[in-house]
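Visitor: Can you read through this structure? Questions will come right after.
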Amino acid sequence: MILSNSHLVGTLLLAGIAMTAADARATNGYFTHGTGVRAQAVAGVSFALPQDALIAASNPAGSGRIGDRIDAGLTWFQPDRGSVIEGNLAGADGRYDGNDDAWFLLPDLGFTQSISEQLSWGIALYGNGGMNTSYTDNPYAAFGATGVAGVDLSQAFITPSIAWRAGNHSFGAAATFAYQRFEAKGLAPFDGFSSRPGSVTDLGHDSSTGWGIKLGWMGNVSDSVTLGLAWSSEIDMSRFDDYAGLFADGGDFDIPQSYGAGVAWALSNELTVAADWQRIQYSDINSVGTPLAPLLAGVPLGVAGGPGFGWEDSDVYKLGTIYKVTETLTLRAGVSHMDQPIPGGETFFNILAPGVIETHVSFGASWALSDKNEWNFAYTRGLEKTVRGANSIPGPFGGGEANLTMHQNILAIGFTRLL
């Protein structure tokens, strides 16, 4: 049975390779708020709530609970990001629009298949995160920068998984291949603060790859309550050599570990309520978590443990509900809240990466065309959030404050085929 679908698996892998060219833009910091159209519709709740073949991205134990299927989705992502500089003695005051690239299309694809009554396997292809800004009016122009300023970070993942079900419990493991690419533009003033001048900005896209693992468990503790636990390892990525003078540790930009727990409660045959808690360890990655302050103490960009973006570890809390209206129509809704990863003192460098959104509100629906085919829809609004600077612009850059603002619209459509 598995061999008969080898052509399908090959198609999925080719699609995954193609996805690496897609720009991934995320919402919980620079992690996506949910993987798969159905998970997006409940604000990303998934640790104890497997809904489709993309579940391996969050909890591979769920791959053994969803049957044989293919799930494909396409997400239209429209972030609105910008900054305001005020009180700056170098003449940088102004309002800056980072939306030269206005919107993006993000695909995802998943497949699962049973090997036996207890064992299942699958593969998921998706974008986990990223960040993009593009300022036609360069916010660093007063310090000597020219041209468009911004960064473009994209991350794509291929996650084969295996799940074993024993009674009321499921255990899952997955390997994750990660591909990311990065570009920085218009950052010439920071070249003079680098250990490797000439390896900071305007070098086009560079890429890196790496491997990680995921482990998960789901268990039915009663007829109506399911619990879930999951962990994704830190992924040790190859370095962005072209940007060895920008990122700490000579261009290192690893993907942080994350973990979490969830509960799903079937209140009736029609209504399910579920909740997740997720922890993202941004501070473990030097290029992300180290503050900019060492720059002022003579520590240049690019060295081991060098200055970074100053992001803090974040907890994300999610609540979702699913209501089966008829055999044909299912409705979903959810809300999530994230602890702010960017402190007020770190906003100057994070003009490039203003991932400040804290709250997402989602809703969606599924419409069954038959007992095997179904359309899925989700809309998410990332509510506008502003982080105001607090002694954020260093004295050598004229002092003052940089304030960051972002909101987002996310529209996803997908198709499910049961095998």
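The values are calculated or read from the model by the stated rules, or taken from the named source; none is laboratory data. Keep in mind that what you see is a predicted model, and the values were worked out from it rather than measured. Glycine gets a Cβ as well: all are built from the backbone with ideal geometry, and neighbour counts include every protein chain shown.
Visitor: Taking the options Val325, Val299, Val361, name whichever one is out of contact with any strand residue (DSSP E or B) (no Cβ under 9 Å at 6 or more places or on another chain), at pLDDT 95 or above and β-branched (Val, Ile, Thr).
Guide: Val299
Visitor: Yes or no: Phe157 closer than 29 Å to Ser258 by Cα, in contact with a Lys or Arg (Cβ under 9 Å, 6 or more places away or on another chain), buried (at least 24 other Cβ atoms within 10 Å of the Cβ) and aromatic (Phe, Trp, Tyr)?
Guide: Answer is no for this residue.
Visitor: Select from the range 28-74 the residues that are of a type outside the set (Gly, Ala, Ser) and in contact with a Pro (Cβ under 8 Å, 6 or more places away or on another chain) and list them in ascending order.
Guide: Matches in the range 28-74: Asn59, Arg65, Ile66, Leu74.
Visitor: Confirm whether Ala15 is out of contact with any helix residue (DSSP H, G or I) (no Cβ under 6 Å at 6 or more places or on another chain), farther than 25 Å from Thr133 by Cα and modelled with pLDDT of 95 or more.
Guide: no
Visitor: Could you tell me which numbered condition Ala175 fails, if it satisfies all but one of (1) out of contact with any strand residue (DSSP E or B) (no Cβ under 9 Å at 6 or more places or on another chain); (2) free of Cβ contacts under 8 Å to residues at least 40 places away in the same chain; (3) among the aliphatic types (A, V, I, L, M)?
Guide: All conditions pass for Ala175, except number (1).
Visitor: Do we find that Asp108 is of a type outside the set (Phe, Trp, Tyr) and at pLDDT below 95 in this structure?
Guide: For Asp108, the condition - of a type outside the set (Phe, Trp, Tyr) and at pLDDT below 95 - is not met.
Visitor: Go through the range 340-372 and give me each residue that's under 22 Å from Thr35 (Cβ atoms) and either in contact with a Lys or Arg (Cβ under 6 Å, 6 or more places away or on another chain) or among the acidic types (Asp, Glu) (or both).
Guide: Val356, Ile357, Glu358, Val361, Gly364
Visitor: Here's something else I'd like to know. Checking Val221 against (1) surrounded by fewer than 22 Cβ atoms within 10 Å (Cβ to Cβ); (2) among the aliphatic types (A, V, I, L, M); (3) under 30 Å from Gly150 (Cα atoms), only one condition comes out false. Which one?
Guide: If we test Val221 against (1) surrounded by fewer than 22 Cβ atoms within 10 Å (Cβ to Cβ); (2) among the aliphatic types (A, V, I, L, M); (3) under 30 Å from Gly150 (Cα atoms), just (3) comes out false.
Visitor: Of Ser161, Ser207, which residue is more than 19 Å from the chain's Cα centre (by Cα) and of a type in the set (Ser, Thr, Tyr)?
Guide: Every option except Ser161 fails the conditions.
Visitor: Quick check on this structure: which one of Ala390, Ala368, Ala333, Ala378 is touching a helix residue (DSSP H, G or I) at 6+ places or on another chain (Cβ under 6 Å), in contact (Cβ under 8 Å) with a residue 24 or more places away in the chain and surrounded by fewer than 23 Cβ atoms within 10 Å (Cβ to Cβ)?
Guide: Ala390 is the lone residue from the list that is touching a helix residue (DSSP H, G or I) at 6+ places or on another chain (Cβ under 6 Å), in contact (Cβ under 8 Å) with a residue 24 or more places away in the chain and surrounded by fewer than 23 Cβ atoms within 10 Å (Cβ to Cβ).
Visitor: Could you list, in sequence order, all residues of the range 359-410 that are among the β-branched types (Val, Ile, Thr) and more than 24 Å from the chain's Cα centre (by Cα)?
Guide: Passing the criteria: only Ile393.
Visitor: I've got another one for you. Give Ser120, Ser83 a once-over and let me know the one that is free of Cβ contacts under 8 Å to residues at least 60 places away in the same chain and either outside any loop (DSSP other than H, G, I, E, B) or within 20 Å of Gly320 (Cα to Cα) (or both).
Guide: From the options Ser120, Ser83, the qualifying one is Ser120.
Visitor: Scan the range 377-391 for residues that are polar (S, T, N, Q) and in contact with a Leu (Cβ under 9 Å, 6 or more places away or on another chain) and jot them down.
Guide: Listed by number, the residues that qualify are Thr380, Thr386.
Visitor: Please give the number of the condition Tyr96 fails out of (1) surrounded by 15 or more Cβ atoms within 10 Å (Cβ to Cβ); (2) touching a residue at least 60 places away in the same chain (Cβ under 8 Å); (3) part of a loop (DSSP other than H, G, I, E, B).
Guide: (3)
Visitor: OK, next. In the range 293-316, which residues are among the hydroxyl-bearing types (Ser, Thr, Tyr) and surrounded by fewer than 16 Cβ atoms within 10 Å (Cβ to Cβ)?
Guide: none
Visitor: Quick check on the range 164-179: of everything there that is crowded, with 18+ Cβ neighbours inside 10 Å and under 24 Å from the mean Cα position of the chain (by Cα), which residue is farthest from Ser120 (Cα to Cα)?
Guide: Tyr179
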